[in-house]
Structures are given as C-alpha cells and as structure tokens.
Amino acid sequence: MVGVVSMKYKIKYLIMVISLILIILGIYRGEVAEVLQKAINICLECIGID
Amino acid sequence: MISFKRRIVQTFSTIIANGYFEGFAKGTIYRGKLKSFCFPGLNCYSCPGAYASCPIGALQSVAAGFKFQISVYVIGFLMLIGNIWGRLICGWICPFGFFQELLYKIPSRKLKMPKILSKLKYFFLVLFVLLMPVLLTNEVGIGLPYFCKYVCPAGTLEAGIPLAIRNTALRSTIGIMYYWKLMLLAMTIVFSILISRPFCRAVCPLGAIYSFFNSVSFYRMNVDETKCTRCNICNKNCPVDIKVYENANSPECVRCGNCVNRCPTKAIKSGFITEEKGRLSYEKTMDTGCGADNCR
C-alpha cells in the first residue's frame, strides 16, 4: 500500500513537471499567439454559422 | 456548507469568465490579450462576455490550422489543472456544469443515466477533438473545430444565441447548422432537467481529459474506513452516481462535495495531499491512520 501511494505521489510531480515543460514549449513555439489569433475572432463554427 | 460555498464559487466563476458585458450589449466579442489564456472550464470563446479561451476550442482550432498538429501549450495547461484539481473544475468552476445543475433543480421526474454512456465522452474527445481537426482538412491543410461545429451546445447557449440577438450581420447568415445546434441545446436542456449533468457525464471532452487525473491529482477525496458504515447515503446523494466508499476518486467524480456534506459519520473528506505517505493535510493532526485512497 505504501509503495502504491508513494508511486502515485511521484506520478503527481512527474505530471506537473511534464505539464510545465509542455506549456513552456508551447510558448516557445509561438502557440500563444495562435490561440489568441483564433480566439479574438468570432468562431462561426462554434455558434452554428457556416 | 460546502454546497453553499460551491454555489458562490460557481456563480462568481461564471460571471468572471463572462464579465465583458460590453460584448453582450454590442453583439461583439472581447479581443484583448487575456484570450491568450485558457479558462479551465467549458466556456465558449465566442461568447460575447468571455475574457479567456475555451481549452477545447483552442485545442481544436490550433490543430486545425496548418502551423501545428497539436497544441502542447493547451495540453500542458489541461494537464496542470487536472493534476492539481482533477474534476473539481467540473463541479466548482465550469459554467456549463453550473447551467446543467440549475436545470436539474427544476421539479420533474428524475432518471438515472446508464453507466455505459459515460464512456461516450472519450469517443468525442478522441474523434471530434483530437483526430478530425487534424485529419479532415481542406486542400491547403486547414481543418475545422468539429466538436464545436457539430456537437457543443455551450457554444450555442453562450455565443450563438446572444450574438444572433445583437448582431444583425450574423443573424442574416443563420442556416441549417444553427438550427441543428439549437436542437442539440434544446435536447441538452431537456436531458439536464431529467438527468443530473448529462452533458458532463456523457459528452464533455474536457471532463474526459480531467477524468484521467482524478486518481492522481493533488486534490482528492478520502473515505476513512474506520468511520464509514457503508450506509450508502453518499451514493444516493452523488450527482454522478458513483459508489463513493468503493472508489472515492473515480474518474466520474466531479468533487462537488455532496457526499462530504451528507456523510452522517463524517468519514468523507476532501483536500490536498501534503505528506509523502499520502495523507491529507487535515490528517496531520487528526491522524486517523487512513491513506488518501480509502486506505486501499
């Protein structure tokens, strides 16, 4: 039981590190501008106009 | 007490996420830099009041473009949020979850959702959100946000209806897709009156993503088996029909806290793990001798 909990505990931190790396990588790749570019225009598909 | 707190948080979260009131008045949307960030819940970025991006919309629209096949920025964000809170976001922050909860308050005959339908949301996630925007593209390599286009009723409620009311140019272009989405929204409303959170449980790809993290998130549910009498009051009051004392951190749990409130022996708690052995913060002093996952 302690081993399983300890493993889960390690997984949490591993996921946190991976997620931060992905966010930083995304910022580095210029994805923030891409997200912004899409979001500041009305998404016609989202509202059902095509 | 938790349920009152939750209502306050849900109300504020909905208002803050959609607080650009000028957009509602003018029939336009917010175009500032805050839209670079994702809101953790399902909240359409074409809602006139939305200050931030919908993560599911952003995930699809980035993948549908020709620059990137997948958005690691959005995936990293969802992993981070899921890792900290799991599906607490669904139960406390998501405006569309809040909307469904309010509808379920309408007095009517209530129905149980067949458990198998809870697997459907993974189908929507994989097919409509991850694969179709990348694979079904036009000749220049641009795809579409297929989940938003064909499935999502949140876009119709939060963006389609308010924009069609206030924006004459958009209203004049309404076609069959608009009526299809209106029908989906109407179905969602009817089902939400009869069944607790049907969209969250059967359709929502964001809930599907967060569900992967429920078993390993920092925030978690805990049942102290030394106190639990298996009276089933928790299960009867669970809005997503999980067996709390068997799997408190089930992928379906939205961490609403109903079970914590209703437990007559106070055996159920929720909180952040702070110790290496997996104890919750309050257990440091109580020392019930119980771990984070039902002592199993």
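The values are calculated or read from the model by the stated rules, or taken from the named source; none is laboratory data. As the structure is a computational prediction, the values presented were derived from the model and not from experiment. Neighbour counts run over all protein chains shown; Cβ positions are idealised from the backbone, glycine included. Just so you know, the surface numbers come from the protein's heavy atoms only, side chains and all, with ligands and any DNA or RNA stripped out. Shrake-Rupley method; radii C 1.70, N 1.55, O 1.52, S 1.80 Å.
From (1) out of contact with any Cys (no Cβ under 9 Å at 6 or more places or on another chain); (2) among the aliphatic types (A, V, I, L, M); (3) open to solvent by 20 Å² or more (accessible area, probe 1.4 Å), pick out the condition that doesn't hold for residue B:2.
Evaluating residue B:2 over (1) out of contact with any Cys (no Cβ under 9 Å at 6 or more places or on another chain); (2) among the aliphatic types (A, V, I, L, M); (3) open to solvent by 20 Å² or more (accessible area, probe 1.4 Å) leaves (1) as the failure.
Go through segment B:190-204 and report how many residues are assigned to a helix (DSSP H, G or I), touching a residue at least 12 places away in the same chain (Cβ under 8 Å) and in contact with a helix residue (DSSP H, G or I) (Cβ under 6 Å, 6 or more places away or on another chain).
7
Conditions (1) part of a helix (DSSP H, G or I); (2) surrounded by fewer than 24 Cβ atoms within 10 Å (Cβ to Cβ), marked per residue:
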{"position": "B:30", "(1), (2)": "no, yes"}
{"position": "B:34", "(1), (2)": "yes, yes"}
{"position": "B:47", "(1), (2)": "no, no"}
{"position": "B:51", "(1), (2)": "no, yes"}
{"position": "B:58", "(1), (2)": "yes, no"}
{"position": "B:62", "(1), (2)": "yes, no"}
{"position": "B:84", "(1), (2)": "yes, yes"}
{"position": "B:96", "(1), (2)": "yes, no"}
{"position": "B:107", "(1), (2)": "no, yes"}
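Being assigned to a helix (DSSP H, G or I), within 8 Å of chain A (Cβ to nearest Cβ) and under 15 Å from the mean Cα position of the chain (by Cα) narrows it down to one residue among B:207, B:160, B:155; which is it?
That would be B:155, the only listed residue that is assigned to a helix (DSSP H, G or I), within 8 Å of chain A (Cβ to nearest Cβ) and under 15 Å from the mean Cα position of the chain (by Cα).
If we scan segment B:228-239, do we find a residue that is under 13 Å from residue B:91 (Cα atoms), without any contact (Cβ under 8 Å) to a residue 60 or more places away in the chain and assigned to a loop (DSSP other than H, G, I, E, B)?
Start the filter on segment B:228-239 by keeping residues that are under 13 Å from residue B:91 (Cα atoms), which leaves B:238-239.
Those left that are additionally without any contact (Cβ under 8 Å) to a residue 60 or more places away in the chain: B:238.
Retained after the next criterion (residues that are assigned to a loop (DSSP other than H, G, I, E, B)): B:238.
So far as segment B:228-239 goes, yes, one or more of its residues are under 13 Å from residue B:91 (Cα atoms), without any contact (Cβ under 8 Å) to a residue 60 or more places away in the chain and assigned to a loop (DSSP other than H, G, I, E, B).
Within segment B:52-72, can one find any residue that is among the hydroxyl-bearing types (Ser, Thr, Tyr) and more than 8 Å from every other protein chain (Cβ to nearest Cβ)?
no
Which of the residues that make up segment B:64-80 are open to solvent by 20 Å² or more (accessible area, probe 1.4 Å), in contact (Cβ under 8 Å) with a residue 60 or more places away in the chain and of a type outside the set (Phe, Trp, Tyr)?
B:69, B:70, B:79
Restricting the search to segment B:197-233, which residues are surrounded by 23 or more Cβ atoms within 10 Å (Cβ to Cβ) and among the hydroxyl-bearing types (Ser, Thr, Tyr)?
Hits for segment B:197-233 are B:210, B:211, B:217.
Inside segment B:163-186, can you point out the residues that are more than 8 Å from chain A (Cβ to nearest Cβ), loosely packed, with under 12 Cβ neighbours inside 10 Å and assigned to a loop (DSSP other than H, G, I, E, B)?
B:172
With respect to residue B:144, is the statement that it is closer than 23 Å to residue B:170 by Cβ, outside any helix (DSSP H, G or I), within 14 Å of chain A (Cβ to nearest Cβ) and of a type outside the set (D, E, K, R) true? Steps first, please.
Values: closer than 23 Å to residue B:170 by Cβ: yes; outside any helix (DSSP H, G or I): yes; within 14 Å of chain A (Cβ to nearest Cβ): yes; of a type outside the set (D, E, K, R): yes.
Judged against the criteria, residue B:144 is a match.
Exactly one condition in (1) in contact (Cβ under 8 Å) with a residue 12 or more places away in the chain; (2) open to solvent by 50 Å² or more (accessible area, probe 1.4 Å); (3) part of a loop (DSSP other than H, G, I, E, B) is false for residue B:24; which is it?
(3)
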